[in-house]
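Working notes, structure below.
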Amino acid sequence: MESEQLKTKKEVNVCCALSNLITIVLQNSSPHNQIEENEGLKSTLQLIEKAIIATDIEGNITILNQYAEKLSGYYVTEIKEKPLTEVFMFYNSNSYSKVKDPVSKVISCGTQICHEDHTLLINKNNKKYQVIYSASPFFNKTGEIAGVVMVIDNLNQEQSLQDVSQTSEDSLIKAELMGGFGNWEIDLNTNKINGSPGALSIYGIEGKELELKYVQSLPLTEYRQILDESLFNLIKENKPYDLEFKIKRPDGKIRDVHSTAIYDAKSKKVFGIIHDITVRKQAEEALKESERKYREFFMKDLTGDFLSAIDGKIIDCNPAFLSFLGYSELIDVQQYPATKFYSSPKERQILIEQIKLKKEVRNYEINMVRSDGEKITVIANVFGIFNEEGQLTHIRGYVFDITDRKKAEENMMKAKEKAEAADRMKTEFLAQMSHEIRSPLNAVLSFTSIVKEITSGMNSNDLETSFSGIESASKRIIRTVDSILNMSDLQLGTYQVSKRKLDVVTLLRILVAEFENIARDKKIGLRFKADVDKKLIHIDEYALSQIVANLLDNAIKYTRKGFVEVIFQVKEKMTIKIKDTGIGISEDYLPKLFTPFTQEEQGYTRSYDGNGLGLALVKKYCEVSNADVSVESEKNIGTIFTITLNI
């Protein structure tokens with residue numbers, strides 16, 4: 001008989017310890033999520049040979065282990081979210097009268113109950129079990145009861161007292177160590193403390209029975225007074241004992257712990273649960289530090305950061321955002337709907353629809369309104385915050401004020417348009433003036449030819465020199481006029497490209513022949529080389545002729561001695577090279593080489609005549625002919641121009 005009573009007493013103690021232990025895990029959180037996320041505890045609960053059940057405040061089952069499933073006669077899928085009273089029915093084993101629902105009893109009294117009187121449990125299959133049980137409440141963050149944890153032990157199992165006790169204790173120890181929990185008991189009759197292996201592991205000490213004073217010395221000094229007062233109030237006034245504090249273990253390590261306790265006045269014993277929350281506290285501190293850094297960055301960021309509700313109310317924003325809108329305090333913007341800050345309410349609605357569709361919107365240009373009515377333009381990067389149902393609830397955004405940039409862009413665009421208009425006027429003016437110059441010049445040349453014929457019989461060196469000067473000057477003016485007219489056509493876009501099939505080798509030979517007399521007069525060589533005898537291409541003949549003629553003219557003009565060579569090659573690409581041994585081009589002038597009306601030597605004292613349009617025309621004609629022009633030059637050594645025909 002004593003053996004049975006001892007067995008029952010031990011089993012009740014284990015049940016009470018287990019129910020208290022699990023309530024700590026579930027405290028201040030959703031039971032289902034806590035168990036599912038704690039794999040170690042989840043596995044341990046399945047190994048414990050006792051029925052572990054958790055319910056919500058309505059008494060509906062939310063958690064149960066395999067043993068509880070077996071005891072009930074149901075499959076777990078059938079039990080979940082069913083009322084406990086429909087799954088487990090309790091009766092008095094003597095009178096067979098129904099016992100009051102343990103969950104309702106715990107919720108009603110708000111404390112743990114440990115039932116050691118034999119109770120009969122009848123399951124779905126009408127199987128009867130003699131059981132003992134313990135039930136403990138757990139609370140949410142607001143201090144209200146959120147549900148009940150119940151531990152049921154089946155006394156029908158045919159195990160020896162030693163086996164039963166050992167299995168139960170092993171299960172409890174395993175659960176404690178894996179979950180970072182422990183339990184302790186203060187015997188006020190002896191001032192001794194008994195600690196479970198889990199509790200001793202947390203405190204970092206050995207030995208099961210300890211002196212109360214020694215354990216009370218482990219908390220850091222600043223916590224000792226409140227711990228003593230709380231223990232006193234628990235014993236004298238039955239006030240709740242629920243504290244978080246720091247301890248210094250014998251190995252010098254500082255640990256954060258959470259402890260709760262209840263007092264049994266009859267036995268003068270305090271039973272408590274301790275939980276090592278160091279990791280949680282470290283995570284909380286890391287989170288606080290992260291939030292502090294984010295807040296510091298948020299407040300100092302020059303970007304306008306804001307958080308608003310879907311109805312438009314500004315919940316939070318940084319000083320930069322307030323500055324953009326011309327306000328000084330958060331409360332100033334919170335009194336208005338967000339639509340006040342948009343130049344058009346439709347713009348915000350369009351943005352919200354984009355967020356709902358894409359979750360986030362980047363580089364979105366939108367017009368906003370400052371407190372003084374001034375309109376500003378911002379670039380916004382915004383993303384939506386959605387609830388569990390996928391509904392948009394908040395908008396987080398970062399805005400950049402680009403008003404000054406937009407104004408600068410508009411001014412630049414206007415300046416560009418003015419410059420382009422001025423350039424068009426200049427080109428049109430030059431074209432008109434060129435026609436005005438060319439027309440009378442043609443008349444002068446015609447009458448000069450007539451006079452030259454009339455005086456052809458007179459042998460006069462002076463007359464010959466005069467006619468030669470008139471002809472040379474006239475050709476120079478005509479070349480200038482032609483260059484201006486050609487440049488005008490190319491810049492205005494009125495040049496009509498006319499492509500036809502031609503032999504590029506023949507064209508180059510003809511052009512070289514036209515410049516032979518000029519080269520001979522300067523006593524320099526003029527050569528032509530080609531690696532093929534004939535090459536037909538489809539190109540604008542006039543454009544190609546102008547490219548080569550202008551380059552040849554320049555090469556001969558700037559070469560005092562040596563030679564000028566035209567080289568045509570057909571390899572990977574078709575190229576025309578005009579090579580000379582002239583004065584070369586300085587490295588500083590190369591970037592300006594193709595700019596109209598520029599020459600390396602400027603002013604009336606320059607060594608060579610010209611209008612600075614030749615190379616500019618070469619560049620333009622290359623562009624309309626799908627050709628590229630490049631140059632290699634060294635001062636006083638010579639120059640090589642390469643025309644690459646992309647045909």
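The values are calculated or read from the model by the stated rules, or taken from the named source; none is laboratory data. Predicted, not measured: the structure shown is a model, and the values here were computed from it. Don't worry about glycine lacking a Cβ; one is built from the backbone with ideal geometry, like all the others, and counts go over all protein chains shown. Just so you know, the surface numbers come from the protein's heavy atoms only, side chains and all, with ligands and any DNA or RNA stripped out. Shrake-Rupley method; radii C 1.70, N 1.55, O 1.52, S 1.80 Å.
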Taking first residues from segment 252-264 that are in contact (Cβ under 8 Å) with a residue 40 or more places away in the chain and second residues anywhere that are of a type outside the set (Gly, Ala, Ser) and outside any strand (DSSP E or B), the pairs with Cβ under 6 Å that are 6 or more apart or on different chains are 255/278; 258/277
Matching residues in segment 550-579 (within 25 Å of residue 626 (Cα to Cα), in contact with a helix residue (DSSP H, G or I) (Cβ under 6 Å, 6 or more places away or on another chain) and either of a type in the set (Asp, Glu) or without any contact (Cβ under 8 Å) to a residue 60 or more places away in the chain (or both)) number 1
Contact list, first residue from segment 60-72 and closer than 20 Å to residue 126 by Cα and open to solvent by 10 Å² or more (accessible area, probe 1.4 Å), second anywhere and modelled with pLDDT under 85 and basic (Lys, Arg), beta-carbon distance below 7 Å, six or more apart or interchain, is 67/50
query = What do you reckon, is residue 85 at pLDDT 80 or above, open to solvent by 40 Å² or more (accessible area, probe 1.4 Å) and part of a helix (DSSP H, G or I)?
reply = yes
Log entry, pairs with first residue in segment 352-379 being part of a helix (DSSP H, G or I), second being of a type outside the set (Phe, Trp, Tyr), beta carbons closer than 7 Å, six or more apart or on different chains, reads 354/361; 355/361; 355/382; 355/384; 355/392; 355/395; 356/384; 356/392
Taking segment 236-249 and keeping only residues that are part of a loop (DSSP other than H, G, I, E, B) and in contact with a Leu (Cβ under 8 Å, 6 or more places away or on another chain), one is left with 240, 249
The residue that is least open to solvent (accessible area, probe 1.4 Å), considering only those in segment 308-337 that are more than 21 Å from residue 384 (Cα to Cα), among the small types (Gly, Ala, Ser) and not in a helix (DSSP H, G or I), is 326
Within segment 526-573, residues being in a strand (DSSP E or B) and open to solvent by 30 Å² or more (accessible area, probe 1.4 Å) number 11
Pairs returned, first residue in segment 212-226 that is under 15 Å from residue 192 (Cβ atoms), second residue that is open to solvent by 80 Å² or more (accessible area, probe 1.4 Å) and assigned to a helix (DSSP H, G or I), beta-carbon separation under 6 angstrom, 6 or more apart or interchain, are none
Residue hits (segment 38-66; of a type in the set (D, E, K, R) and modelled with pLDDT of 85 or more) are 56, 58
With respect to residue 252, determine if the residue is out of contact with any helix residue (DSSP H, G or I) (no Cβ under 8 Å at 6 or more places or on another chain), in a strand (DSSP E or B) and either farther than 21 Å from residue 191 by Cβ or not hydrophobic (A, V, I, L, M, F, W, C) (or both).
no
Residue 344: passes all of (1) closer than 17 Å to residue 306 by Cβ; (2) open to solvent by less than 40 Å² (accessible area, probe 1.4 Å) but (1)
Those residues of segment 588-604 which are at negative phi, free of Cβ contacts under 8 Å to residues at least 24 places away in the same chain and assigned to a loop (DSSP other than H, G, I, E, B) amount to 588, 589, 595, 598, 599, 600, 601, 602, 604
Residue 267 meets each of (1) under 48 Å from the mean Cα position of the chain (by Cα); (2) surrounded by fewer than 18 Cβ atoms within 10 Å (Cβ to Cβ); (3) under 18 Å from residue 192 (Cα atoms) with one exception, condition (1)
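Need at least 3 residues that are within 26 Å of residue 265 (Cα to Cα) and modelled with pLDDT of 80 or more per element, so show me which helices (runs of 4 or more DSSP H) inside segment 123-235 make the cut, counting only ones lying wholly within it. Please lay out each step first, then the result.
Working: elements: 161-179, 197-203, 212-216.
Passing ranges, in order: 197-203, 212-216.
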